[in-house]
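Here the structure comes first, spelled out in C-alpha cells, and everything after it is commentary.
The values are calculated or read from the model by the stated rules, or taken from the named source; none is laboratory data. In this text, all values refer to a predicted model and were calculated from it rather than measured experimentally. Glycine also receives a Cβ, built like all others from the backbone with ideal geometry; neighbour counts cover every protein chain displayed. The area values use the complete protein model at the heavy-atom level, side chains included, leaving out ligands, DNA and RNA. Shrake-Rupley method; radii C 1.70, N 1.55, O 1.52, S 1.80 Å.
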Amino acid sequence: MRQLHYNPSTLDNFSWNKEIKIGSRTIGENSPVFVVAEISANHNQDYNRAVEIIHAAKQAGADAVKLQTYTADTITIDCDDPCFQINEGTIWDGTTLYKLYQQAYTPWEWQPRLKEEANRLGMECFSSPFDFTSVDFLEKMDVPAYKIASYEINDIPLIRKIARLHRPVIFATGVAYLEDIERALSVCREEGNQDIILLKCVSSYPTPYEDINLNVIPTLAKAYGCLVGISDHTMGTIVSAASIALGVKMVEKHLTLRRNDGGPDGAFSMEPEEFARMVKDIRILEKALGTSKYRLTETQKLEHKGSRSLFVVRDISPGEALTAENIRSIRPGNGLHTMYYDEVLGKKAKKFLKKGTPLQWEMID
C-alpha cells in the first residue's frame, strides 16, 4: 500500500487558535457566529448585479461576502476529453469544466471594487483563490482571510503558499477524506499558521438533507481542536440554523437575488428574504443556547417561590398533632420544604394555626 505523505502525529499537542480575527470581526467560542454570503457566480457576469447582491447581503445581516478568484484558464484547461466533461448527475451536466468556469468566474477587475463596496457597508470581503496568481492578486487587495474550496484541499503547494501569508485559512471539507484534512492542517502547522477554521461541507448542489450529517461537526472540533463552521448547500434555513447548537462559529451560504434569474449557482442559492430569516434564526439560537452552566435566571429564582411547600390546610388547635389531614404539600413555596413532611407528622402545634398558614419550625413543638 502506498504510504501517505503526511504524518498525523505532527498534529498531536498542537494548539490552533480558538479566537481568530477576520478584518474587524472576531471569530471565537465566545463571539457571535460569523455569517458569510457567498456571491460565487450569481452575478451572472453583470457588475451592477454583483453590487446589488452585496447590498442585499448587508440588509440580510451578513458579516461578510465571499468571492471566487479564478479564470477558466487558471482552474482547468480547454479540453473536451471525457475527464473534462461534466456528467455526474449535477446541475451542470452536459458541458465541460472549461465552459462552466468561463460562465461562472468573477472578473478580476471587479474584485477590488467589490471589496471596497463591502467594506464601505461595514462587511468583510475575502475570496477563494485557485492558483498562485490569484493568491498574489488577492494579497494586493489585502484580503483578511483565504478560503480553500473543497476541491482544492488536496492542492498542497497552494495551501502552503497561503499558509505562509499568516492570514486565517478556512477549509471546506466537502470532498475531503480525513487524510486530506490532516495533510492540509499539517502544512499549516509546518508554516506556523494557527488561524484555521474547518467547514463541514458536502459538495452536492443542492445537498440532500440525509447527506449533510451535522453530527460530524462536533467530531471535527474534537478531533482537530480548531474552530468549526459550515458551508451549507442545502435548500432552506434549517440546516444552517441547527448547526449553531453543534458549535459552529461560521456559516456560509450562497446568495442570489432571485433563483429564477438563473446562472450556474442560482438553483441552490438563497434569496435575500431567506438569508435574512436564516440570520435572524441564528441570532435567536445564539441567545437561546446561552451558557452551559446550570443556574437559574432571575426570573426562575422568582418563580421558584411558587413551587410547593408545607401548609396548614385545616385549622389546628394548640397541642393538636400534625396529620396528613391538616398538613399538605401545596403551592406556593412559602412554607417548610416538602422534604420535612414525614418529620413533622405527629408533632404538635405550639399555637393555633389557621388554615392557609405556611408551616414553619417555630410553630411546632
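Over the heavy atoms of TYR341, what accessible area does a 1.4 Å probe trace out, to the nearest 10 Å²?
Accessible area, nearest 10 Å²: 70 Å².
Counting only residues 5 or more places away or on other chains, whose amide H sits under 5 Å from the amide H of LYS200 once H atoms are built in the peptide plane?
Counting only residues 5 or more places away or on other chains, the set is GLY229, ILE230, SER231.
Placing unit charges on C-beta atoms (Lys and Arg positive, Asp and Glu negative, everything else neutral), compute the dipole magnitude of the range 139-183 about its Cα centre in debye, rounded to 20.
220
Round to a whole number: what % of the accessible area of the range 217-321 belongs to carbon and sulfur, probe 1.4 Å?
55
Which entry in (i) 21.2, 68; (ii) 29.9, 103; (iii) 22.8, 71 matches Rg and Dmax of the Cα atoms in Å derived from the coordinates of this structure?
Matching the structure shown: (ii).
Tell me, which longest segment in the chain has none of the GluC sites (Glu not before Pro) that fall in DSSP loops with at most 11 further Cβ atoms within 10 Å?
89-324
Find the centroid of the Cα atoms in the range 18-42 and in the range 81-98, then give the distance between the two in whole Å.
Spelled out, the Cα-based centre of one part sits 33 Å from the other.
Taking the solvent-accessible surface of protein heavy atoms with a 1.4 Å probe, what is the per residue accessible area of the range 78-183 in Å²?
On a per-residue basis, the range 78-183 sits at 47 Å².
Given a 1.4 angstrom probe, I'd like the percentage of the accessible area of the range 104-190 that is carbon and sulfur, rounded to a whole number. Please report the intermediate quantities before stating the final value.
Values: 1660 of 3400 Å².
C and S fraction of accessible area: 49 percent.
Compute the signed sum of charges (Lys and Arg +1, Asp and Glu -1) over the other residues within less than 12 Å, Cβ to Cβ, of ILE212.
Values: positive: LYS200; negative: GLU210, ASP211, ASP232.
It works out to a net charge of -2.
Run down the lysines and flag those whose C-alpha is under 26 Å from the C-alpha of LYS222, throwing out any fewer than 8 positions away in its chain.
Result set, ordered by chain and number: LYS18, LYS21, LYS147, LYS200, LYS249, LYS253, LYS287, LYS293.
Given labels modelled 7 Å from the Cα in the Cβ direction, how far is it in nm from GLU190 to SER15?
2.4
How much accessible area does MET339 have with a 1.4 Å probe, in Å² rounded to the nearest 10?
130
Tell me, what is the per residue accessible area of the range 263-360 in Å², probe radius 1.4 Å?
I get 65 Å² per residue for this part.
When a/c reaches 1.5 or more, the comparison of a/b and b/c decides; with that in mind, is the range 44-170 rounded, prolate or oblate per its Cα gyration tensor?
Numbers: a/c = 2.05, a/b = 1.32, b/c = 1.55.
Oblate shape, in that a/c is at least 1.5 and b/c is the bigger or equal ratio.
Which residues' amide hydrogens lie under 5 Å from the amide hydrogen of ARG328, considering only partners 5 or more residues apart or on another chain, with H built in the peptide plane?
Here the answer is PHE311, VAL313, since their amide H atoms fall under 5 Å of that of ARG328.
May I ask for the net charge around SER127, where only other residues with Cβ less than 9 Å from the Cβ of SER127 are counted and Lys, Arg are +1 while Asp, Glu are -1? Spell out each step's value before the answer.
Working: positive: LYS66, LYS115, LYS147; negative: none.
After counting each charged neighbour, the total is +3.
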